[in-house]
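The structure under discussion appears below in the form of structure tokens.
The values are calculated or read from the model by the stated rules, or taken from the named source; none is laboratory data. Nothing here was measured: the structure is a model prediction, and the numbers come from that model. Cβ atoms come from the backbone with ideal geometry, glycine included; neighbour counts cover every protein chain shown. These area figures cover heavy atoms from the full protein model, side chains too; ligands, DNA and RNA do not enter into them. Shrake-Rupley method; radii C 1.70, N 1.55, O 1.52, S 1.80 Å.
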Amino acid sequence: IKRFHQEALAASRLTHPNTISVYDFGQTEDNILYIAMEYLRGQSLAQVLAGGKGMPAKRVTHIMRQVCKSLAEAHAAGIIHRDLKPDNIFLSEVQGERDFVKVLDFGVAKLSEYHGKEGTLTQAGMIFGTPKYMSPEQARSGDIDHRSDIYALGIIMYEMLLGSPPFTGDNPLSILIAHVNQQPAPFAEKRPDLDVHPGLERVVFKVIPENSTRVAA
């Protein structure tokens, strides 16, 4: 319960237009926890990517710029999302603008100011996140900071452009091990038919560093 209230408070402090708005949260008299957020119409990025074909580079950059703006506010406030993935990036239409982004589910977000202090809400040895998009630090259940979110952005961009994430496997553990020990395949190796501008590919691999045992600086 304490964790829920702390994380709901963290999310309610975020006001960027590309972040889901939290209107109210609390606990009813019969001990049911609740959180009220804005209602959205549209579809998640995961739904868009379900066909596995990837997206045009122009659309990818339009979407990811907005995601970065949302995260910039959160990181400036000391909040780490920790579970960035296509399911948590929602695409709607606002006043005729397509692909207006809302970043969702700061439900596993962490207020960094609480880490390492008495009463911390992050229990040692616990892993939060989704294996396909987790940084090596998360995979090892180590200390993380805003760079883990940036790593996840690189993984998501990779999937948006190519149609599939760099690491997949039969079970979550094999994917986590791949994040720690393997390097993502270059675009040309995985999709020879795809023509991605080298500058955009450099951006993706800037945040998915060649030495994937640590997140980008």
Evaluate the following for Ala57: is it surrounded by fewer than 16 Cβ atoms within 10 Å (Cβ to Cβ), among the hydrophobic types (A, V, I, L, M, F, W, C) and closer than 25 Å to Ser148 by Cα?
no
Only one of (1) at pLDDT below 75; (2) open to solvent by 80 Å² or more (accessible area, probe 1.4 Å); (3) under 15 Å from Met157 (Cβ atoms) does not apply to Arg214, and that is (3)
Restricting attention to the stretch 189-199, does a residue exist that is surrounded by 13 or more Cβ atoms within 10 Å (Cβ to Cβ), among the β-branched types (Val, Ile, Thr) and part of a loop (DSSP other than H, G, I, E, B)?
yes
Name the pairs: first residue in the stretch 73-92 and in contact (Cβ under 8 Å) with a residue 12 or more places away in the chain and of a type in the set (S, T, N, Q), second residue open to solvent by 10 Å² or more (accessible area, probe 1.4 Å) and assigned to a strand (DSSP E or B), Cβ to Cβ under 9 Å, at least 6 apart or on different chains?
Asn88/Ser44; Ser92/Gly42; Ser92/Gln43; Ser92/Arg98; Ser92/Asp99; Ser92/Phe100; Ser92/Lys102
Residues of the stretch 16-42 being outside any strand (DSSP E or B) and closer than 15 Å to Val101 by Cβ, which ones?
His16, Pro17, Asn18, Ile20, Ser21, Glu38, Leu40, Arg41
